[in-house]
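To start, the structure itself, in structure tokens.
The values are calculated or read from the model by the stated rules, or taken from the named source; none is laboratory data. Because the structure is predicted, anything quoted here is derived from the model rather than measured. Cβ placement follows ideal geometry from the backbone for every residue including glycine, while neighbour counts extend to all protein chains displayed. In case anyone asks, the SASA skips ligands and DNA or RNA and just uses the protein heavy atoms, side chains included. Shrake-Rupley method; radii C 1.70, N 1.55, O 1.52, S 1.80 Å.
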Amino acid sequence: MTSTQPTEATTPVLRNDFQRSIADYWDREKDPVNIRLGEVDGIYHHHYGIGDYSPAVLEVPESERDSAVIAEMHRLETAQAELLLDHLGPLTAADRVMDAGSGRGGTSFMTNARFGCQVDGVTISESQVEFANGQAAQRKVDDRVRFHFRNMLDTGFPSGSMRAIWSNETTMYVDLAPLFAEFARLLAPGARYVCITGCYNDLTGGRSRAVSQIDQHYICNIHSRSDYFRAMADHGLVPIAVTDLTAATIPYWELREKSSVATGIEQAFLTSYREGSFQYLLIVADRVAA
Ligand code: GPP
Ligand code: MG
């Protein structure tokens, strides 16, 4: 059986000022759009939603409308994570998987609940590590679900130890070549990588104004669609399914724009998705031995 503890990574967790600024952002982050949604059922997400919202939530009496909208947004975010999980398996309790950029742990807990597998989440935010490990203890799964202050570019986990890896809206924080090199090292032959991401559309050219606004808002660097497939091909990650979720995520942003927890970035997402300069993709790939 492989060790559950990371071995020593070869570099410091935070490698440069850019990574320190990202860690600082997430260490401080306590936005109601994430906290209030998480409080609905104790699953805290750091990603967006898919599927149609029920228009009825906008018609409930005013005193309860805010809570109804929050619960509906949370339902759409959970539906997004469920779709990601649909592509991770089959997994068993004997398997070990990694959440690359694990946030407050939402997708990790859902994965453990569905498959019983061991989950290691990595994030460069120490506050997120502390929060998510607290959640694991509270949920009594801390023997199976663990969060680590680790850099997903250099996790320190043993080679070939992971049966699956996912990144749920985190790849825009790193360069894809070193990221997929690390994933290829960690994944056993035939193991699965699932990526949900926003990427800019090569067909419409470079970064649109709205895409640049999203980059600035989150201090990230959104990659192009072609960047993903080139970097995957270069690192033995062979796509088996690609789903364009752009149309499916627009309703989430329309509801979020009307909600009390809107953050101001909603228009940039709606504009870029509607004009076609930005795409919300699910990419499923298998690790093929080099
Ligand atoms: C959402 O996290 C995801 C990111 C910050 C990465 C950017 C994603 C893209 C698809 C471009 P969140 O749930 O913490 O964001 P928010 O606080 O806006 O809800
Ligand atoms: Mg959010």
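The table for this structure:
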read-out	value
Backbone HN-Hα couplings from phi across the stretch 85-96 [Karplus 6.51/-1.76/1.60, Hz, Gly and Pro as x]	4, 4, 9, 7, x, x, 10, 10, 5, 7, 8, 10
Cα gyration tensor, the stretch 1-140 - rounded (a/c under 1.5), prolate or oblate	oblate
Global geometry of the stretch 95-191, whether rounded, prolate or oblate, following the gyration tensor of its Cα atoms and the 1.5 cut on a/c	oblate
List 77, 126, 59, 82, ordered by accessible area with a 1.4 Å probe, largest first	59, 126, 82, 77
Cα long-axis angle, helix 246-258 against the chain (0 to 90 degrees, to the nearest 10)	50 degrees
Simple spin-label estimate for residue 260 and residue 244 in nanometres, 7 Å along Cα-Cβ	3.8 nm
Hz values of 3J(HN,Hα) by residue in the stretch 158-168 - Karplus curve (6.51, -1.76, 1.60), Gly and Pro given as x	x, 4, x, 7, 9, 8, 7, 9, 10, 10, 9
Helical contribution to [θ] at 222 nm, DSSP H n ≥ 4, -39,500 (n - 2.57), averaged over the chain, rounded to 500	-13000 deg cm²/dmol
Rounded, prolate or oblate (a/c below 1.5 giving rounded, otherwise prolate when a/b exceeds b/c) for the stretch 136-267 by Cα gyration tensor	oblate
Relative contact order [Cα under 8 Å, 6+ residues apart], the stretch 174-290, whole percent	46 percent
Relative contact order [Cα under 8 Å, 6+ residues apart], the chain, whole percent	20 percent
Cα-based equivalent ellipsoid of the chain: semi-axis lengths in Å, sorted from largest, via gyration tensor	29, 23, 18
